[in-house]
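The structure under discussion appears below in the form of structure tokens.
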Amino acid sequence: MNNQVAIRQDQALMPTTFDGLMEQAKVIFSSGLLPKSVRSPAAAVAIMLTGRELGITPMQSFRSIYVVDGTPTLSAQFIAAKLLEAGVTYRASEMTNERCTIDFSRANGMTLTYTYTWDDATSAGLTNKSNWRQYRKDMLWSRCMTLGGRKIAPDALLGFHTADEIGAVVDPQSGEVIDAVAREIPSDEPITKEAEIPEPEEAIKKPPESPRTEPPTQTRERSAAEERTAIALARMFYARWDPLFPEDKDHEIAHGEFRVTSIKDLYGKVTPQQMAPLLDTLHLAMQHTLTLQQFKEIHGLVYLIDWFPAGYTREGGVEAIARYIEQQAGTPPLENAGQQPLEMPSEAEEAADASTE
């Protein structure tokens, strides 16, 4: 009898059916106690199900799991707890503002010493983010714990990453996401120090937004003048893209990288003056036999369209390529990098091009 009561009580706290989970999620969501990033009962259910896979309760899931652009992530503190639960012991043998070293060991005799330095963080483009500047020791520890933990106990962490690893700004004390700026992480291989995707040099600051609703989208047809400007943008872009990627005859690659069906659709979002530095930097990368994928990894981009919200300039992009080439080949930095931009079409030329459409 007592056992049956215990089972009923457990099912009330940890529902065993999807309908039960949904009802519980609705109640918890309506309480207003969940993080602002949880915007619907359905999102709450997704976090609860992820927590169940990890063997934790719903409320602990909301404290430890953060969804960044649809990807569930864990806090570094929770990762450390999961390692201890799996029988992994660790000790920070060095923890300064310049480096963190953690010694890991498992009951089966496996050991690992992992070090993450401020230079590593700088190379990955992390050190301009506010949390990295203010909490150097804590952020070095978090990254060292996460990368080392996945190496010593992949079975315990199940391939999860921290929100910080995919670009979000997190509180180093609680692990809570402050600003979610997602970066794609390949799911078919673990991240290592060498393969870690660099992030933009400046953190993106988003304006506050409502946790419950989104503003309505308003659309209208472009005027004749706006259509001419959109055509001029497209003509300028294709004229400079085609020599770089002659194989992209149907522009499927270009449209995929900018998430549009035509470059004209970028009108109102990107100007020719904003597009030119990206194409200049991309041209330089192609001259040095870098691939499009390498270019995106150097600048921490998932798609080329991410260049604009990341706030890159021509000089910043060229400097990133110069550092990469120097590191990979051991060659001196590119001389006068970024000081000789490609020729841009004049406004008169663009207007003439537009008038011929």
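Every read-out reported here was derived from the displayed coordinates using simple, explicitly stated rules and does not represent laboratory data. For clarity, every value in this text was computed on a predicted model and none was experimentally measured. Here the Cβ is made from the backbone with ideal geometry for all residues, glycine too, and neighbour counts use every protein chain on show.
How would you classify segment 270-316 from its alpha-carbon gyration tensor, with a ≥ b ≥ c the square roots of the eigenvalues: rounded for a/c under 1.5, else prolate if a/b is greater than b/c, otherwise oblate? Taking the square roots of the gyration eigenvalues as a ≥ b ≥ c, segment 270-316 is oblate. Taking the alpha-carbon centroid of each part, what is the distance from segment 59-110 to segment 221-240 in angstrom? Segment 59-110 and segment 221-240 have Cα centres separated by 50 Å. Each label was represented as a point 7 Å from its Cα along the Cα-to-Cβ direction; for Leu33 and Glu85 these points are 2.0 nm apart. For Val68, enumerate residues with amide H under 5 Å from its amide H, sequence gap 5+ or separate chain, H modeled in the peptide plane. So Val68 has HN proximity to Thr73.
The 3J(HN,Hα) values that the Karplus relation (6.51, -1.76, 1.60; θ = phi - 60°) gives for segment 308-323 are, in residue order, 6, x, 6, x, 5, 10, 4, 5, x, x, 5, 4, 5, 5, 4, 5 Hz. Gly and Pro appear as x. Sequence-ordered 3J(HN,Hα) estimates for segment 281-292 from the Karplus curve with 6.51, -1.76 and 1.60 and θ = phi - 60° stand at 5, 5, 4, 4, 4, 5, 4, 9, 6, 7, 8, 4 Hz, glycine and proline given as x. Among the listed pairs Lys137/Lys296; Lys129/Lys296; Lys82/Lys129; Lys264/Lys296; Lys269/Lys296, which have their C-alpha atoms separated by more than 25 angstrom in this model? Those over the limit are Lys137/Lys296; Lys82/Lys129. In this simple spin-label model, placing a label point 7 Å from the Cα along the Cα-to-Cβ direction at both Tyr303 and Gln328 gives a separation of 2.4 nm. Straightening the chain between Thr17 and Val260 buys 83.4 nm, computed as 0.36 nm per residue apart minus the Cα-Cα spacing.
Taking each residue as 0.36 nm, the span from Ser223 to Ser105 lengthens on full extension beyond its C-alpha to C-alpha distance by 35.9 nm. Among 39-49, 91-101, the peptide with the highest mean count of other Cβ atoms within 10 Å heads the list, and the full ranking is 39-49, 91-101. From least to most packed, judged by other beta carbons within 10 angstrom and beginning with the fewest, Ser31, Ser105 follow the order Ser31, Ser105.
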